[in-house]
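Just below is one structure, and these are the notes that go with it.
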Amino acid sequence: MKKRLLVLEDGTVFEGKAFGADIDVTGEIVFNTGMTGYQESITDQSYNGQILTFTYPLVGNYGINRDDYESITPTCKGVVVFEEARRASNWRNQMTLDEFLKAKKIPGISGIDTRALTKIIRKHGTMRATLTHVGDTMDHIIDQLQATVLPTDNIKQVSTKTAYPAPGVGLSVVLVDFGLKHSILRELSKRNCNVTVVPYTTTAEEILHLHPDGVMLSNGPGNPEDVPQALDMIRGVQGNSNIWYLYGAPTFCYGKWSQDLQDEVWSPWI
């Protein structure tokens with residue numbers, strides 16, 4: 001098995017075993033502490049452009065199945081684990097984690113002390129990292145890494161370009177796609193909601209024209225400060241007394257840096 005390096009922008013180097021796609025990538029290094037749900041995390045568009053570290057020591061033991069996708073095309077940059085299960089055992093299993101990452105062109109690295117790595121990330125905060133093969137000089141790798149400018153258009157990359165329906169017979173919900181998870185649609189469908197998914201650039205006027213009973217802001221990647229136009233949309237929607245509010249994760253993010261929204265009361269109706 002090939003060796004692979006995980007190099008952090010502060011010069012820290014981890015050596016491990018390569019699995020998944022045979023490519024080099026650079027992105028923000030982040031961690032996930034969940035004991036299960038690695039398929040959901042890898043396919044969650046909230047991790048767009050990021051190298052995802054799992055602190056739980058064994059990843060891939062139940063394989064990949066058709067039911068746990070949060071998106072069809074994952075956009076995380078890479079996967080870091082302590083141990084990658086070479087054989088998957090589960091009645092729903094369709095392929096191994098290694099086969100899945102190869103198919104989606106995502107590199108992985110195993111044999112890494114992911115908890116030690118997590119302590120570094122927690123200490124330094126936002127950090128760039130690269131997954132690369134042994135061969136190039138370390139000085140060159142670090143110089144290139146430190147010169148890398150990470151993109152800030154993450155939401156634009158993952159949001160739907162056109163509106164589409166998820167039909168139901170119940171309450172009408174407009175779901176604003178900042179990088180939504182499929183499980184959100186599944187849960188709304190269970191409640192017979194008639195859902196219309198719209199791009200993150202949709203205006204309040206366009207949303208109100210759909211006469212929804214509720215509006216939901218999906219999860220998504222990046223910094224909410226990179227989409228200031230969403231604030232105008234939120235203000236425009238919340239000013240309509242005919243709509244009950246079903247809020248999403250970005251609402252709280254906006255609330256932290258917008259005093260206007262921080263003082264508002266949002267009412268969940270599901």
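Here is how the numbers come out for the structure above:
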item: Selection within region 44-87 - surrounded by fewer than 22 Cβ atoms within 10 Å (Cβ to Cβ) and in contact with a Phe, Trp or Tyr (Cβ under 7 Å, 6 or more places away or on another chain); result: 55, 57
item: Region 1-24 residues that are in a loop (DSSP other than H, G, I, E, B), paired with ones that are loosely packed, with under 15 Cβ neighbours inside 10 Å (beta carbon under 7 Å, 6 or more apart); result: 2/133; 9/146; 10/124; 21/105; 23/105; 24/133
item: Some residue of region 205-215 being surrounded by fewer than 20 Cβ atoms within 10 Å (Cβ to Cβ), out of contact with any Phe, Trp or Tyr (no Cβ under 6 Å at 6 or more places or on another chain) and in contact (Cβ under 8 Å) with a residue 60 or more places away in the chain; result: no
item: Filter result for residue 55 (at pLDDT 95 or above and among the polar types (S, T, N, Q)); result: yes
item: Out of 173, 169, 149, sole residue that is of a type in the set (A, V, I, L, M, F, W, C), surrounded by fewer than 16 Cβ atoms within 10 Å (Cβ to Cβ) and under 27 Å from residue 67 (Cβ atoms); result: 169
item: Counted residues, region 160-178 - those being assigned to a strand (DSSP E or B) and not aromatic (Phe, Trp, Tyr); result: 8
item: Number of the exception - residue 86 against (1) in contact with a helix residue (DSSP H, G or I) (Cβ under 6 Å, 6 or more places away or on another chain); (2) on the phi < 0 side of the Ramachandran plot; result: (1)
item: Those residues of region 108-117 which are surrounded by fewer than 19 Cβ atoms within 10 Å (Cβ to Cβ) and assigned to a helix (DSSP H, G or I), in sequence order; result: 115, 116
item: Condition check for residue 66: touching a Pro at 6+ places or on another chain (Cβ under 8 Å) and either of a type in the set (Lys, Arg) or in a loop (DSSP other than H, G, I, E, B) (or both); result: no
item: Test set (1) under 26 Å from residue 8 (Cα atoms); (2) charged (D, E, K, R); (3) assigned to a loop (DSSP other than H, G, I, E, B) - residue 92 fails condition number; result: (1)
item: Where a residue in region 93-114 is touching a residue at least 40 places away in the same chain (Cβ under 8 Å) and of a type in the set (Lys, Arg) and its partner, wherever it lies, is part of a loop (DSSP other than H, G, I, E, B) and surrounded by 17 or more Cβ atoms within 10 Å (Cβ to Cβ), with Cβ under 9 Å and at least six apart; result: 102/21; 104/21; 104/43; 104/74; 105/21
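The values are calculated or read from the model by the stated rules, or taken from the named source; none is laboratory data. Please read these numbers as outputs of a predicted model, since none were measured by experiment. Positions of Cβ are generated from backbone atoms using ideal geometry, with glycine treated the same way; all protein chains shown enter the neighbour counts.
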